[in-house]
Amino acid sequence: MSLDILRDELKDAYDYIIVPTSALDVPVELSKMQKEDGSYYTINELSDLLGKDFTPTTTIDNRFMKFRWAIPRNGEEALIVTYLLSKGLVNMRDNGIDDALDYTVDEIDFTALQGNEFGVFGMHEIKKVPNPPMEEELI
C-alpha cells in the first residue's frame, strides 16, 4: 500500500492500538504495511516517513506506545488482534471467557500488566487509558 493512501486513511482514524514499545521495530506483516520491495514497514519506520501524520506516543507507562489507526468495520480489527496474538503478545482486553465480550476499558487493571500486552481501543475509550506521569511530576 502506498504511503499516500496510509496518510489519507490516518486523517480519519478514530481507533487506537497500544503495543509494547519493543514492538515498534518489528516489521508488521499485513498487506497494508507492505513495501514495494515486498518487505514490511515497522511502526517506527512509518512514524519517520509520515512525520506529524503518524506519531506513536507513550501510554500507561514507559513500556507501552499508542498510535491512531483506521480500522474498517469489516473484520479488520479481528485480523489485527489475531496477528498480534500470533506474535506472542497478550490481548489486555481478553477476559479469558470464550464466546463472551472482552473487558471494557474500565475493567482492565492497567497496574497488573506484564509489559507484553496489546489493546485495540476506540477514540472514546482511549481517553480512559492512563497516561504516564509527566517527567516534571517524577522529580
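Please treat every number below as a calculation from the coordinates, not as lab data. In this text, all values refer to a predicted model and were calculated from it rather than measured experimentally. Using ideal geometry, Cβ is built from the backbone for each residue, glycine included, and neighbour counts are taken over all protein chains shown.
Quick notes on this structure:
- Each helix, a run of at least 4 DSSP H residues, gives -39500 (n - 2.57); summed and divided by the residues of the chain, these come to -6500 deg cm²/dmol at 222 nm.
- Applying both filters, DSSP loop and at most 16 other Cβ atoms within 10 Å, to the GluC sites (Glu not before Pro) of the range 20-103 gives 29, 36.
- Considering all C-alpha pairs of the chain, those separated by over 19 Å amount to 52%.
- Spin-label zone in the range 1-35 - amide nitrogen under 19 Å from a point set 7 Å from the Cα of residue 82 along the C-beta vector: 28-34
- Note on residue 123 and residue 104: the extension gain reaches 5.5 nm, defined as 0.36 nm multiplied by sequence separation minus the Cα-Cα distance.
- Rg to Rh quotient for the range 75-135, alpha carbon positions, Kirkwood Rh: 0.97
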